[in-house]
Amino acid sequence: MMDPKKAIQKYKKFWKSIFGDDVFRDIGIVEVSMPLLNIEEERNQYKYIFHIPGYEKKDITIEVSGNSLVISGSKKVRERKKGKNYIYKEINESSFKRVVPLPVDADSEKLKAGFKNGVLTISIPKKKAKKKKIKVL
């Protein structure tokens, strides 16, 4: 079975070879993108830094599903005037979804998030290791 992401890329490549690079934009298909991500490990926490330019705080959803961090977003372009006759239009609706596995020691119950200037920063503290004494027989 083909990876869905590869299948979409193959499909897009085929249509672009026939109609050119702007085929999807020209017919108004929603652009789907993947935000860039850096993950930092600090002594007591993990930091996930997503670059999501063009989005606002209200456009973004953060969820924890099982052992994964799920970041998604959707924005619609508001038309200010009805009846505009565009000669060329690249600004369309867009959306994304990114699923990132969490480390075993990440305490997702205490997740904190901040969003500023198109950068989403999520801090997840590490769980404190439980010490267990084992009695030698």
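The values are calculated or read from the model by the stated rules, or taken from the named source; none is laboratory data. Bear in mind that the values here come from a model prediction, so they are computed numbers and not experimental data. Here Cβ is always computed from backbone atoms with ideal geometry, including for glycine, and neighbour counts include all displayed protein chains.
Some observations on this one:
- Inter-residue pairs, beta-carbon under 7 Å, first within 21 Å of Pro101 (Cβ to Cβ) and in region 115-137, second polar (S, T, N, Q), 6+ apart: Ser123/Gln45; Ile124/Gln45; Ile124/Ser108; Pro125/Asn44; Pro125/Gln45; Lys126/Asn44; Lys126/Gln45
- Set Val136, Val99, Val104: member being assigned by TED's automatic domain parsing to the domain that holds Ser72, exposed (fewer than 12 other Cβ atoms within 10 Å of the Cβ) and either out of contact with any His (no Cβ under 8 Å at 6 or more places or on another chain) or assigned to a strand (DSSP E or B) (or both): Val104
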